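Notes to accompany the following structure.
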Amino acid sequence: MALPIIASFQDLEKVQKKCAADFALRELSDRPQGISAEEIKELTKEGYEQYVLCCGGTGCHASQSAEIIKRFEDAIKENGLEKKIKVIRTGCFGFCEQGPIVQIRPDNTFYVHVTPDDVKEIVTEHLMEGNKVKRLLYVLPATGEHMPDSKHMPFYKQQVRIALRNCGSIDPENINEYIARKGYAALAKVLTMKPEDVIQTIIDAGLRGRGGGGFPTGQKWKITREVQATKKYVVCNADEGDPGAFMDRSILEGDPHSIIEAMAINGYCTGADHGLIYIRAEYPLAIHRLEVAIAQARECHLLGKNIFGTDFSFDIELRYGAGAFVCGEETALIRSMEGRRGEPYVKPPFPSVRGYKDAPTNVNNVETFANICPIILNGSKWFSSIGTEKSHGTKVFALAGKVNNVGLIEVPMGTTLRQVIFDIGGGIKGGKKFKAVQTGGPSGGCLTEKHLDTPIDYDNLIAAGSMMGSGGMIVMDEDNCMVAVAKFYLDFTVEESCGKCAPCRIGNKRLYELLDKITKGCATMEDLQNLENLAKVIKDTALCGLGQTSPNPVLSTLANFRDEYLAHVVDHRCPAHQCTSLVRYTINADKCKGCTACARNCPVQAISGTVKNPHTINPETCIRCGSCVSRCKFGAITVE
């Protein structure tokens, strides 16, 4: 792949025109009015006629997308079509539940659950004969209708993709494709402006930090700029540690140049010439694509000395995290980058004043940076017109749990939880009843059916007892025990505590022990009161955001599901049948046929009985593994 040398603003304009022309045919599917046959003929005169876009995100990569891509390339070559059809590995399409995904452009056909064995049929039937492979199209669950393209799918219909604008559309390892989508045009624009004016644009747009804190991004940039120092730094926080969250990873895998360009803009505005991306070492694909993107940007002279022939110089390096959740907090992250123990320190001073190597340091997370270039190119009024009065723009969520359409979504602020879970998410799996949704990761709260019409923004979620966080959203159904859910998250925060302050180090451990007593049926009402009191004390006294928000799962489940706690403590039972110490298995003698399947498969011989006669379970021996329930064909075993 030939890389252009872009040494001036004029060079970028020339390269952009050429790249956009090469990219035009693929984008025909996005033109609502279509295009004439003459225009198609002109576009395809020297270019490709069809494009096969294969998801190359981590999820699809784990489901053989690399093999799918290879088979497409081999089949296309075998049929002599390599000059007419191009195969492209993209980033994540977002619809992870349906992966691996293959999209054919320009007709925008959207194939789901593709396997390597399906490739030959797609090539011969669709690419060569023009017949869609119906069995691989997405089927709308409500009607059974086949959806040939993604535009009308409920999963995509209500989304507005700003941060995810290029994910699933471009090859993240080809800088020319990013340039074709107005890549580096925002950087070129700001280099003709005063830094103060650029910062004011970000302030007027109302962009708030998408990493969880929600601090106004433009104000943070302004503070860093106003500090007088000989050296300043820009840091991208890519230490995504929430269970079930994969927003930042997908952006880095699908559109790494958008982060590089935004960091350079930040450097120009704040007076920094050096950027660092602190990324989890557990993200090898994201790291690889960042390394490729940084190398290409340097080769094109878009990073390094005298960018676009101006006096501005900026470069970026990667730093790797070792998987400590607390290092997502900016001061702990900075200590980690300095080679010290990753633990937060008391603020002020804030990093914007004194951060990495005691220099002013601007820290923003991946999604925050992903919004910068569109704001520069489209203006602050455009961005602020999206969302709510105090929360502008869109938010990316990792939708997971007991929901039909697991995946990565981006919706305008103010979209309700009901719209996300039931319209975009397709409702609850298996027709089960919705019970709760947890937003904000392990530090968030669990919201209930009464909160479903809550508009999603920073203030509304806090008022409801949860938080925006970085964007994890885990849906739970009637089979989830909310006490066990709180215990699960406390177990995580206890493990991830840095141990610096006593409320978090000791208090959360005591919280976990109280929850453990409750799930084992050993707790008293006094324990329940101590649980609530201790949670409030930790929230008020912990040093950093991790400790201050760690009791949220406990407090929100106590507020919304106190009856479940009382059932565990007073009645010694788990209504959801998830806490094994409180579950009892019994055999209904009227339904039992004496087939012996349960007894033969019981690992501890807790079931006794003779052939063709009802069996019984010894509750003292039973370890409540559930093996008997799964083996019984007659529904004779009940769980109480």
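The values are calculated or read from the model by the stated rules, or taken from the named source; none is laboratory data. Note that this is a predicted model, so its numbers are computed, not measured. Cβ atoms come from the backbone with ideal geometry, glycine included; neighbour counts cover every protein chain shown. When the accessible area is computed, the model is the full protein with side chains, heavy atoms only, and any ligands, DNA or RNA have been set aside. Shrake-Rupley method; radii C 1.70, N 1.55, O 1.52, S 1.80 Å.
Amide hydrogen proximity for GLY209: with H placed 1.01 Å from N in the peptide plane, the residues at 5 or more positions away or on another chain lying under 5 Å are GLY214, PHE215, THR217. Contact order normalised by length for region 520-628, with contacts defined as Cα pairs under 8 Å and 6 or more residues apart; what percent is it? This gives 20 percent for region 520-628. Using equal-weight Cα scatterers in the Debye expression, the normalised intensity of region 470-578 in log10 at q = 0.10, 0.12, 0.15, 0.20 Å⁻¹ is -0.26, -0.38, -0.59, -1.01.
Within the same chain, aspartates and glutamates fewer than 8 places from LYS70 are excluded, and of the rest, those with a Cα less than 20 Å from its Cα are GLU49, GLU78, GLU82, ASP117, ASP118, GLU121, GLU125, ASP171, GLU173, GLU253. Of the cross-linked pairs LYS429/LYS591; LYS220/LYS381; LYS132/LYS182, those separated by over 22 Å at the C-alpha level are LYS429/LYS591; LYS132/LYS182. Taking region 527-563 and a reference point 7 angstrom along Cα→Cβ of ILE506, the backbone N atoms nearer than 13 Å belong to 538. Apolar share of the accessible surface for region 63-116: 45 percent from carbon plus sulfur atoms, 1.4 Å probe. Expressed as a whole percent, how much of the Cα-Cα distance distribution for region 262-320 exceeds 19 Å? So the portion of pairs separated by more than 19 Å is 30 percent. Taking the square roots of five times each eigenvalue of the Cα gyration tensor of region 63-125, the equivalent ellipsoid has semi-axes of 19, 13, 11 Å, listed largest first. Under 1.5 on a/c is rounded, so check that first for region 215-365, then, if it is not, pick prolate when a/b is larger than b/c and oblate when it is not; a ≥ b ≥ c are the square roots of the alpha carbon gyration tensor eigenvalues. Oblate shape, in that a/c is at least 1.5 and b/c is the bigger or equal ratio.
Ranked by the mean number of other Cβ atoms within 10 Å per residue, highest first, peptides 132-144, 86-98, 114-126 order as 86-98, 114-126, 132-144. The mean sequence separation of alpha-carbon pairs under 8 Å and at least six residues apart, normalised by the residue count of the chain, gives a relative contact order of 11 percent. Carbon-plus-sulfur accessible fraction, region 251-301 (probe radius 1.4 Å, protein heavy atoms only): 56%. What's the center-to-center distance, using Cα atoms, between region 189-239 and region 548-607 in Å? That distance is 51 Å. Probing with 1.4 Å while keeping every protein chain in the model, the per residue accessible area of the chain equals 42 Å².
Taking all protein chains as they are arranged and a probe of 1.4 Å, the heavy atoms of MET473 leave approximately 0 Å² accessible to solvent. For region 297-316, the residues whose backbone nitrogen is under 16 Å from a point 7 Å from the Cα of GLN10, taken along Cα to Cβ, are 308-310.
Take the Cβ atoms of ASN618 and ASP516, set R0 to 22 Å, and the FRET efficiency comes out at 0.30. With Cα atoms defining each centre, region 122-138 and region 493-522 are spaced 55 Å apart in the structure. Sum -39500 (n - 2.57) across every DSSP H segment of at least 4 residues in the chain, then divide by the residue count to get the 222 nm mean residue ellipticity, nearest 500. Taking each H run of at least 4 residues, the total per residue is -10000 deg cm²/dmol. Here the ratio of the Cα radius of gyration of region 204-250 to 2.2 N^0.38 Å is 1.43. Taking a sphere under 9 Å around the Cβ of LEU546 and counting the other residues whose Cβ falls inside, with K and R at +1 and D and E at -1, yields a net charge of -2.
Of the cross-linked pairs LYS347/LYS517; LYS189/LYS232; LYS14/LYS395; LYS194/LYS347; LYS390/LYS433; LYS357/LYS500, which ones have a Cα-Cα span greater than 27 Å in the structure shown? Result: LYS347/LYS517; LYS14/LYS395; LYS194/LYS347; LYS390/LYS433 exceed 27 Å.
A viscosity of 0.890 mPa s and a temperature of 25 °C, combined with the Kirkwood radius over C-alpha pairs in the Stokes-Einstein formula, give region 437-499 a diffusion coefficient of 199 µm²/s.
Leaving out ligands, DNA and RNA, what percent of the accessible area of region 340-454 is carbon and sulfur, probe 1.4 Å? Summing carbon and sulfur atoms, their accessible area is 49 percent of the total for region 340-454. Taking every C-alpha pair closer than 8 Å and separated by at least 6 residues, the mean separation divided by the residue count of region 338-492 gives a relative contact order of 19 percent. Modelled this way, with points 7 Å down the Cα-to-C-beta line, the labels at LYS633 and ASN108 are 5.0 nm from one another. For GLN16, neighbours were defined as the other residues whose beta-carbon sits under 10 Å from its Cβ, and their charges (Lys and Arg +1, Asp and Glu -1) total +3.
Between LYS429 and ALA66, the modelled label-to-label distance comes to 2.7 nm, taking each label 7 Å out from Cα in the direction of the beta carbon. Net charge of the neighbourhood of LYS305, taken over other residues with C-beta under 11 Å away and scored Lys/Arg +1, Asp/Glu -1, is -2.
Measuring with a 1.4 angstrom probe and ignoring ligands and nucleic acids, ARG319 comes out at about 60 Å² accessible. Taking the Cα centre of region 179-229 as reference, the dipole from Cβ charges on Lys and Arg (+1) and Asp and Glu (-1) amounts to some 240 debye. Between ARG573 and GLU389, the contour length at 0.36 nm per residue exceeds the alpha carbon distance by 61.7 nm. Would you compute the Debye intensity of region 547-597 from its alpha-carbon atoms alone, equal scatterers and no solvent, and pass along log10 I(q)/I(0) at q = 0.19, 0.25, 0.28 Å⁻¹ to two decimals? Debye intensities relative to I(0), on a log10 scale: -0.76, -0.96, -1.02. The label-point distance for LEU566 and ALA21, in a model that sets each label 7 Å from Cα toward Cβ, rounds to 7.5 nm.
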